[in-house]
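K.L.:
First, the structure itself, so that you have it in front of you.
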Amino acid sequence: MAFSPSNASVGLQISLLLSFFMAAFAGPFLDSFDYNWGQSNSQILNKGDLLTLSLTKECGSGFVSKNQYVYAKIDMNIKLVAGNSAGTVTAYYLSSQGQYHDEIDFEFLGNLSGDPYILHTNVFCHGQGNREQQFYLWFDPTADFHTYTILWNTQAIFFYADGIPIREFKNLESSGIPFPSYQPMKLYSSIWDADNWATRGGLVKIDWTQAPFTASYTNFNDKNACVSYYGTITSCNTPNSNLNNNGWLWQTLDYSDQGKLKWVQDNYMTYNYCTDSKRFPQGFPPECYVNNKY
């Protein structure tokens, strides 16, 4: 199925309309998050509905959700650092704790002014990562807010930008391939100094005369999520839960979404670990033969 930029424009308009309605569910940031470092480099604005994180030469900053989740659909509207952001990384991810942790990553790698951002994605299962895919975006992520969604359910992990799927990592536990399915994860975001690797493999360093580097956040939405209270007990399996409203828990990509995913991967993917034969000379990881079908 062909998917054209005009389809992307329609998807963006729908996404922005949904973001307007989601604002009704989005409360002040500090109701949902705590600072986990660099509080002096953060600001709460717009009556608590807008948060900024900044990076200076002295310190970055970050926040973490009060809730932890076992399966979730989480949206956040983010506006990235404009101008020369080379060497900076703005991270937005779910993660559990410990040596064998699970993690689902969006990382936005800064750039020289005028160059496109690289959107870096990764999935960790039971402490093992190395499942990177990278993309350019079909919009300027610094000019306005855009919606980035992590959908982690029983079927797969999906990454979305403005409602358009950019990556799918299927649940293949039945084939012996690890998948995050039992460790509660919290949502984190941070901005930090990664000029040893982020831009052109660390060749381009941070220009500190451009500091502070600031990313902005609004319209956090976790109303479609299984909040974990006691490990295996979540808000989705308590007596008062209504599983009829949890269709997202079993959601997959329909024919239209598969076409959008193919459009993104054909036109905007810049790196896929499942095609890096130099990195895997003995053969690709087993999930590649299913997850890399589009």
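K.L.:
Which loop-located chymotrypsin sites (Phe, Trp or Tyr not before Pro) does region 161-192 contain, where loop means any DSSP state but H, G, I, E or B and the Cβ has at most 13 other Cβ atoms within 10 Å?
P.N.:
Here the sparse-neighbourhood loop sites are Y182.
K.L.:
So what's the back-of-envelope 222 nm ellipticity for the chain, counting only DSSP H runs of four-plus at -39500 (n - 2.57) apiece and dividing by all residues, rounded to 500?
P.N.:
-4000 deg cm²/dmol
K.L.:
Just Y71, Y92, Y273 to compare: in a GNM of the chain, with alpha carbon springs under 10 Å, which one fluctuates most?
P.N.:
Comparing Y71, Y92, Y273 in the GNM, the peak value goes to Y273.
K.L.:
Next up: Using R₀ = 35 Å, calculate the FRET efficiency as 1/(1 + (r/R₀)^6) where r is the Cβ-Cβ separation of K57 and K223; round to 0.05.
P.N.:
For K57 and K223, the calculated efficiency is 0.35.
K.L.:
Which number do you get for Rg(Cα) / (2.2 N^0.38 Å) in region 5-291?
P.N.:
Dividing the Cα radius of gyration by 2.2 N^0.38 Å gives 0.98.
K.L.:
Just grab the label-to-label distance for H126 and Y255, each label 7 Å out from Cα along the Cβ direction, in nm (one decimal).
P.N.:
Those two pseudo-labels are separated by 3.8 nm.
K.L.:
Take the cross-link list K170/K260; K79/K278; K47/K205; K73/K170; K47/K73 and give me the ones stretching past 27 Å between alpha-carbons.
P.N.:
Beyond 27 Å: K79/K278; K47/K205.
K.L.:
How large is the dipole of the chain about the Cα centre if only Lys and Arg carry +1 and Asp and Glu carry -1, each at its Cβ, rounded to the nearest 20 debye?
P.N.:
Computed charge dipole of the chain: roughly 220 debye.
K.L.:
Now for a different question. Less than 12 Å apart at the alpha-carbon level, and either on another chain or at least 8 residues along: which aspartates and glutamates does that give for K223?
P.N.:
D75
K.L.:
For Y182 and D115, what is the calculated FRET efficiency with R₀ set at 45 Å and r taken between the beta-carbons, to the nearest 0.05?
P.N.:
It comes out at approximately 0.65.
K.L.:
Testing the spin-label approximation: label points 7 Å from Cα along Cα→Cβ at W37 and Q99. State their distance in nm.
P.N.:
2.2 nm
K.L.:
For the chain, the longest stretch holding no trypsin sites (Lys or Arg not before Pro) located in a DSSP loop with at most 15 other Cβ atoms within 10 Å is which?
P.N.:
It works out to 58-204.
Every number here is computed from the coordinates shown, using simple stated rules; none is lab data. Since this is a predicted model, take the numbers as computed values, not measurements. Every residue, glycine as well, gets a Cβ built from its backbone with ideal geometry; the counts of neighbours run over all protein chains shown.
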